[in-house]
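Peer 1: Before I ask anything, let me first share the structure, which is written out below as structure tokens.
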Amino acid sequence: MHELSITRNVVAIVSEHAQQRKVLRVTLEVGELSAIMPEAIRFCFDICTQGTPLEGARLDIMQTPGSATCRDCGAEFALHDILARCVCGGTHLVRRGGDELNIKEMEVA
Amino acid sequence: MCTTCGCSNMEGVIITDPASGAMRILTKAERDHMHAEGHPGHPHAHTAIYAPAHTHPHTHEAVVEAIPAALHGTTIALEQEILSKNRRIAERNRGWLSSRGVLALNLVSSPGSGKTSLLERTLRDLRGRVTMSVIEGDQETMNDAERIRATGCKAIQINTGKGCHLEAEIVGEALAALDAPADSVVMIENVGNLVCPALFDLGERAKIVILSVTEGDDKPLKYPHMFHASELMLINKMDLLPYVDFDVERCIANARQVNPNIQALRVSATTGAGMEDWYHWLQDLLHSSQMGRLVHSAV
């Protein structure tokens with residue numbers, strides 16, 4: 001359940017930036033190839049925000065797509081699954097994106 | 001709580017030196033302060049929610065990093081990497097380790113893969129050839145640290161309580177308690193879990209994933225992140241291969257589908273078969289890290 005410690009980090013970072021103001025919304029960017037389940041983050045968010053400036057805040061999660069370059073044939077393509085292969089059958093892929101784990105923005109009252 | 005490191009709330013972690021019995025239970029307030037040495041000068045704008053108000057003095061010397069936030073009315077653009085705190089502390093650990101010429105390896109696996117048995121055998125077999133010490137990570141008990149200590153090797157136990165993985169900050173504390181000698185190896189035995197430890201850089205030189213033949217050859221596909229993050233896969237319990245439905249070649253092919261560069265070695269910590277290959281791998285890495293340090297210090 002690494003999402004729990006990740007969510008705690010989110011709450012800590014956002015609270016610091018909020019400087020005592022109430023937080024209305026938080027937007028996260030989570031790459032679709034990262035080992036993060038957005039639903040688990042949502043579950044933890046409700047618990048971790050209790051008693052903090054984030055309590056009741058809306059959580060928006062943008063899932064950013066992954067992409068890869070195939071070392072065998074040079075093709076560049078969208079990578080939606082960590083186990084996907086290139087159409088040429090190649091598995092030697094250089095990942096470009098999809099691992100993101102960022103707080104994009106927040107809205108305060 | 002601080003923006004620079006975004007302290008996570010991992011109070012209740014216990015670091016124990018079984019040799020002396022010295023024990024440190026990290027409280028929430030302590031966790032909030034552990035990082036201070038890493039970036040002196042941060043403004044300590046702690047809220048009462050995350051840490052008790054401070055009344056004690058701090059030394060604030062360095063200039064705080066600019067907060068990457070721009071105010072747009074009520075919307076604050078952050079672009080802040082959530083794991084940046086862990087990454088920064090991991091880099092600090094890495095620098096500390098390399099300055100001492102210490103090679104740290106992060107051993108990851110599911111529970112019951114035989115990690116501790118493999119470590120015990122490694123420590124006994126390499127005694128006199130390689131100086132090693134161990135950081136043991138488990139949710140509860142001192143069992144593994146005691147087993148390691150029985151080999152004559154120094155071990156520090158981290159009990160994470162509810163935590164399912166080790167993080168860089170707590171490993172930094174354990175490294176300080178361990179005080180490993182120069183040119184030695186520190187084995188960090190992570191919490192048994194094939195998911196969460198993949199995400200957290202501890203400052204190690206490499207992750208080594210241990211997979212036993214009783215677990216199934218499809219594990220690399222089921223838990224791809226861990227095999228993607230590891231440099232070496234040790235296929236353990238090879239002595240049990242005749243009794244289980246496990247295809248070693250298929251397992252290696254599965255791991256390479258996730259990570260084309262992963263190396264694989266077949267070992268049995270029980271019989272000792274294949275262990276020399278692992279020792280060669282370890283010693284080669286140790287020599288290359290020592291050479292790197294010599295070259296670095298000569299420049």
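The values are calculated or read from the model by the stated rules, or taken from the named source; none is laboratory data. These numbers come from a predicted model, not from an experiment. Cβ placement follows ideal geometry from the backbone for every residue including glycine, while neighbour counts extend to all protein chains displayed. Heads up: the accessible areas ignore ligands, DNA and RNA and are worked out on the full protein's heavy atoms, side chains in. Shrake-Rupley method; radii C 1.70, N 1.55, O 1.52, S 1.80 Å.
Peer 1: Can you tell me the relative contact order of the range B:86-180? Whole percent, Cα pairs under 8 Å, sequence separation 6 or more.
Peer 2: 31
Peer 1: Oh, and also: Do the alpha carbons of any pairs in A:104/B:85; B:162/B:222; A:104/B:219; B:154/B:219 sit beyond 28 Å of each other, and which pairs?
Peer 2: In this structure, A:104/B:219; B:154/B:219 exceed 28 Å between Cα atoms.
Peer 1: Additional query: Shape verdict for chain A, please, from the Cα gyration tensor: rounded (a/c under 1.5), prolate (a/b greater than b/c) or oblate.
Peer 2: prolate
Peer 1: Moving to a separate point now. When the C-alpha atoms of the range B:61-206 are aligned to their principal axes, what extent does each axis show, in angstrom, from largest down?
Peer 2: 63, 32, 22
Peer 1: Here's another thing I want to ask about it. For the range B:100-140, rounded, prolate or oblate, judged on the Cα gyration tensor with a ≥ b ≥ c (square roots of eigenvalues), a/c < 1.5 rounded, else prolate if a/b > b/c?
Peer 2: It comes out oblate by the Cα gyration axes.
Peer 1: Could you sort A:91, A:49 by their accessible area in this structure, using a 1.4 Å probe and putting the largest first?
Peer 2: A:91, A:49
Peer 1: From the Cα gyration tensor of the range B:206-276, with a ≥ b ≥ c the square roots of its eigenvalues, which class applies: rounded if a/c is under 1.5, or else prolate if a/b is larger than b/c, or else oblate?
Peer 2: It comes out oblate by the Cα gyration axes.
Peer 1: Tell me the label-point distance for the pair residue A:84, residue B:91, using the 7 Å Cα-to-Cβ offset, in nm and rounded to one decimal.
Peer 2: The answer from the label model is 3.1 nm.
Peer 1: Determine the share of the range B:117-177's accessible area contributed by carbon and sulfur atoms, expressed in whole percent, with a 1.4 angstrom probe.
Peer 2: Carbon-and-sulfur percentage of accessible area, whole number: 43.
Peer 1: Still on this model: Name the GluC sites (Glu not before Pro) in the range B:120-224 that are in a loop by DSSP and that have at most 10 other C-beta atoms within 10 Å, would you?
Peer 2: Listed in order of number, the matching sites are B:140.
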